[in-house]
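The values are calculated or read from the model by the stated rules, or taken from the named source; none is laboratory data. Note that the structure is a prediction, hence the values are computed from the model and not measured. Virtual Cβ from ideal backbone geometry, glycine too; neighbours counted across all protein chains shown.
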């Protein structure tokens, strides 16, 4: 996997070292059957961090998150709201594919949490988009269903967090596409309010 690095050499080296740590990780049983460790795509330093639950089959094969149908839908929505690849950093709660694309188990998410924390500290986003109930649950330690919390901003420690539906869920139930559209729009407005992206010209 290749990425374009537009940042200083220290940031590049620090992140490359982090990726190598992820690739060597065997902290849980998910490591046994993976093809690739799926760490990130986008920009190293980004105002927006997008977090999903875990890699699927295509992500496991390519070593890049959100490259299947869900990723294509997400990219369409981001592009529509003028959120460019330079503006976001995409990752998952776990970095190895759970068998059969099941949700990560609590112990798997817990083993991967130190890596996600380190990744978060390297990226240093201001806005976090949590895609799906699994990402919301493990990131916030709250078991509330995603339908009850989606679209509601959480402000914590200077960060703005927005839970939304996972694109895979929207593909299964297209009636929810407008909800996801509205949430991406809310993220775009928040990035502008925080002066992290320019105002949209409508």
Exercise. Out of the residues in the stretch 122-148 that are in contact (Cβ under 8 Å) with a residue 60 or more places away in the chain and at positive phi, state the one that is surrounded by the most Cβ atoms within 10 Å (Cβ to Cβ).
Key: 132
Practice problem: May I ask you to list the residues in the stretch 137-166 that are within 17 Å of residue 65 (Cβ to Cβ) and in contact with a strand residue (DSSP E or B) (Cβ under 7 Å, 6 or more places away or on another chain)? | Solution: 139, 164, 166
Exercise. May I ask you to say which residue of 78, 73, 30 is in contact (Cβ under 8 Å) with a residue 40 or more places away in the chain, touching a helix residue (DSSP H, G or I) at 6+ places or on another chain (Cβ under 7 Å) and more than 18 Å from residue 130 (Cα to Cα)?
Key: 30
Quiz item: Just a yes or no: is a residue in the stretch 45-57 surrounded by fewer than 22 Cβ atoms within 10 Å (Cβ to Cβ), in contact with a strand residue (DSSP E or B) (Cβ under 9 Å, 6 or more places away or on another chain), in a loop (DSSP other than H, G, I, E, B) and modelled with pLDDT under 95?
Solution: yes
Quiz item: Looking only at the stretch 60-87, which residues are under 22 Å from residue 17 (Cβ atoms) and crowded, with 24+ Cβ neighbours inside 10 Å?
Solution: 65
Practice problem: Name, by its number, the condition in (1) part of a helix (DSSP H, G or I); (2) in contact with a strand residue (DSSP E or B) (Cβ under 9 Å, 6 or more places away or on another chain); (3) closer than 17 Å to residue 46 by Cβ that does not hold for residue 89. | Solution: (1)
Exercise. For the stretch 94-118, name all the residues that are surrounded by fewer than 24 Cβ atoms within 10 Å (Cβ to Cβ), under 18 Å from residue 42 (Cα atoms) and either in contact (Cβ under 8 Å) with a residue 24 or more places away in the chain or under 12 Å from the mean Cα position of the chain (by Cα) (or both).
Key: 115, 116, 118
